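A quick write-up on the structure given underneath.
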Amino acid sequence: MKKLPTEYVKQIYFDTLVFTGESLRHLAAEVGPSQLMIGPDWPIPWEEDPVGHIMNTPELSDDDRYNILGANAIQCLNLKI
């Protein structure tokens with residue numbers, strides 16, 4: 001490998017909807033909230049309240065929530081808003 005595995009992980013974005021609250025907290029601690037995005041739940045609704053799922057994760061800061069709920073996707077997709 002040309003890079004350490006931890007460097008490759010920084011190139012991957014993770015969908016938050018498939019994780020429980022506890023798993024989401026662990027994932028954020030391991031890869032960083034900058035690598036997390038709220039994803040679509042179509043065609044299977046993973047969470048009844050996907051935004052609430054992010055908002056109710058106490059270990060996430062307000063900045064983390066803001067980024068997960070949209071800013072990370074804007075940056076990843078290079079969108080002009």
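The values are calculated or read from the model by the stated rules, or taken from the named source; none is laboratory data. These figures come from a predicted structure and were not determined experimentally. All Cβ positions, even for glycine, are placed from backbone atoms using ideal geometry, and neighbour counts span all protein chains on display.
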If we ask which residues in the stretch 1-39 are assigned to a loop (DSSP other than H, G, I, E, B), β-branched (Val, Ile, Thr) and surrounded by 10 or more Cβ atoms within 10 Å (Cβ to Cβ), their number turns out to be 2
Output the residues belonging to the stretch 40-81 that are surrounded by fewer than 15 Cβ atoms within 10 Å (Cβ to Cβ) and not in a loop (DSSP other than H, G, I, E, B).
Val51, Gly52, Met55, Asp62, Asp63, Tyr66, Gly70, Ile74, Gln75, Cys76
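Results for (1) closer than 18 Å to Ile74 by Cα; (2) not aliphatic (A, V, I, L, M), shown as yes or no for each residue.
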position: Lys3; (1), (2): no, yes
position: Thr6; (1), (2): no, yes
position: Gln11; (1), (2): yes, yes
position: Phe14; (1), (2): yes, yes
position: Val18; (1), (2): no, no
position: Gly21; (1), (2): no, yes
position: Leu27; (1), (2): no, no
position: Asp49; (1), (2): no, yes
position: His53; (1), (2): no, yes
Identity of the residue in the stretch 1-37, farther than 13 Å from Ile68 by Cα and among the hydroxyl-bearing types (Ser, Thr, Tyr), that ends up modelled with the lowest pLDDT:
Thr20
Considering residues of the stretch 38-72 that are of a type in the set (A, V, I, L, M) and either farther than 23 Å from Gln11 by Cα or at pLDDT 95 or above (or both) only, the residue nearest to the chain's Cα centre (by Cα)
Ile68
Can you confirm whether the stretch 25-43 contains a residue that is at negative phi, in contact with a Leu (Cβ under 6 Å, 6 or more places away or on another chain) and of a type in the set (Phe, Trp, Tyr)?
no
